[in-house]
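Step one of this worksheet: look at the structure below.
The values are calculated or read from the model by the stated rules, or taken from the named source; none is laboratory data. Note that this is a predicted model, so its numbers are computed, not measured. Using ideal geometry, Cβ is built from the backbone for each residue, glycine included, and neighbour counts are taken over all protein chains shown.
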Amino acid sequence: MSEPADAVEMRAALLRLRRTSGLPIAFGGLLHDSRQLRIAELSGAQTGALRGLAICAGNGLGGKSMALSRPCAVTDYREARHISHEYDAAVSTEGLRSVLAVPVVVRRKVRGVLYGALRRPVPLGDRTFDAAVAAARDVEQTLVVRDEVRELLAVAREPAAGNGAWEEVREAHGQLRALAPRVVDPSLRASLLEVCGRLAAATGGRSADPAIALAPRELDVLACVATGATNAGAAERLGLKQETVKGYLRAAMRKLGAHTRTEAVVAARRAGLLP
């Protein structure tokens, strides 16, 4: 995700956290190096005291959550004995008392922290913790998709050499098409689809035939089929029902004048729609 997309996803997660937990304030940020994050987004704050605060691993409640890679909470922040107190001034200015911090963990690495808080010292219940963990997982999934896309783009942009390499590129193309609808960052999504288009035209050395117009989901399904996926496999990859996949595949076959799945893939490649 680009920086603006980071902000959009984080704001959405914080709003969901407040809505599902009933907490009046939520805030958070992503790590931009291995040991420090900066509080970039606030939801429900009354002051700007927390904005831009640099949180180091091990320091304060969020730093403890980062270091332990698990949710942490205090009933009264300023009186808590099991955290360090480097950030008391900002927390006090915002009037926070009961606070929880949940790490965003991707592939066993902490990539960010979401906080939720009350302005009175009362214990936080399971419902609040569950809401915070769910919001953190939403951010995790967005980061997972971004990472997968960037890894696949790196594979797809490498020059192909030999049939084995082309099969790898075709597999990357199918996965990129499947991931595109889940990409939050519009610039990354546009880059992804642009690369898919270049890959599709690369084998035949020509652009897509404008006379054959497949809908995006029809092409997504066909890209999965081209990698050997069954209808069930394509449905799982694309997050669709199996019957929906069959419908898209039938429509694509009809437009391509194909009678079988294999004929459809061959026709799509000849038309510059698939690599």
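Confirm whether VAL245 is modelled with pLDDT of 85 or more and in the same structural domain as LEU179 (by TED's automatic domain parsing).
Working: modelled with pLDDT of 85 or more: yes; in the same structural domain as LEU179 (by TED's automatic domain parsing): yes.
Against the criterion (modelled with pLDDT of 85 or more and in the same structural domain as LEU179 (by TED's automatic domain parsing)), VAL245 qualifies.
Taking the stretch 6-27 only, how many residues are under 14 Å from THR142 (Cα atoms) and not hydrophobic (A, V, I, L, M, F, W, C)?
3
State whether one or more residues within the stretch 51-60 are under 20 Å from the mean Cα position of the chain (by Cα) and in the same structural domain as ALA12 (by TED's automatic domain parsing). Talk me through it step by step, then tell me what you get.
Of the residues in the stretch 51-60, the ones under 20 Å from the mean Cα position of the chain (by Cα) are none.
No, the stretch 51-60 has no match at all.
With the requirement that a residue be of a type outside the set (A, V, I, L, M, F, W, C) and without any contact (Cβ under 8 Å) to a residue 12 or more places away in the chain, what does the stretch 219-238 give you?
Passing the criteria: GLY228, THR230, GLY233, GLU236.
Report yes if some residue within the stretch 40-63 is in contact (Cβ under 8 Å) with a residue 40 or more places away in the chain, under 11 Å from VAL113 (Cα atoms), among the β-branched types (Val, Ile, Thr) and buried (at least 19 other Cβ atoms within 10 Å of the Cβ); otherwise report no.
Yes, some residue in the stretch 40-63 is in contact (Cβ under 8 Å) with a residue 40 or more places away in the chain, under 11 Å from VAL113 (Cα atoms), among the β-branched types (Val, Ile, Thr) and buried (at least 19 other Cβ atoms within 10 Å of the Cβ).
Do we find a residue being assigned to a loop (DSSP other than H, G, I, E, B) and small (Gly, Ala, Ser) anywhere in the stretch 111-119? Outline the logic, then answer.
Start the filter on the stretch 111-119 by keeping residues that are assigned to a loop (DSSP other than H, G, I, E, B), which leaves 119.
The next check asks that each one be small (Gly, Ala, Ser); those that pass are none.
No, the stretch 111-119 has no match at all.
Given the options VAL149, VAL122, VAL113, name the one that is surrounded by 15 or more Cβ atoms within 10 Å (Cβ to Cβ), at pLDDT 90 or above and of a type in the set (Val, Ile, Thr).
Details: VAL149 fails: at pLDDT 90 or above; VAL122 fails: surrounded by 15 or more Cβ atoms within 10 Å (Cβ to Cβ).
Every option except VAL113 fails the conditions.
Quick check on LEU193: is it within 22 Å of the chain's Cα centre (by Cα), modelled with pLDDT under 85 and more than 15 Å from ARG261 (Cα to Cα)?
Numbers: within 22 Å of the chain's Cα centre (by Cα): yes; modelled with pLDDT under 85: yes; more than 15 Å from ARG261 (Cα to Cα): yes.
Criteria met by LEU193.
Mind checking whether some residue in the stretch 3-17 is β-branched (Val, Ile, Thr), over 30 Å from GLU151 (Cβ atoms) and out of contact with any His (no Cβ under 6 Å at 6 or more places or on another chain)?
no
Within the stretch 78-85, is there a residue that is touching a Pro at 6+ places or on another chain (Cβ under 7 Å) and either assigned to a loop (DSSP other than H, G, I, E, B) or hydroxyl-bearing (Ser, Thr, Tyr) (or both)?
Residues of the stretch 78-85 touching a Pro at 6+ places or on another chain (Cβ under 7 Å): none.
So far as the stretch 78-85 goes, no, none of its residues is touching a Pro at 6+ places or on another chain (Cβ under 7 Å) and either assigned to a loop (DSSP other than H, G, I, E, B) or hydroxyl-bearing (Ser, Thr, Tyr) (or both).
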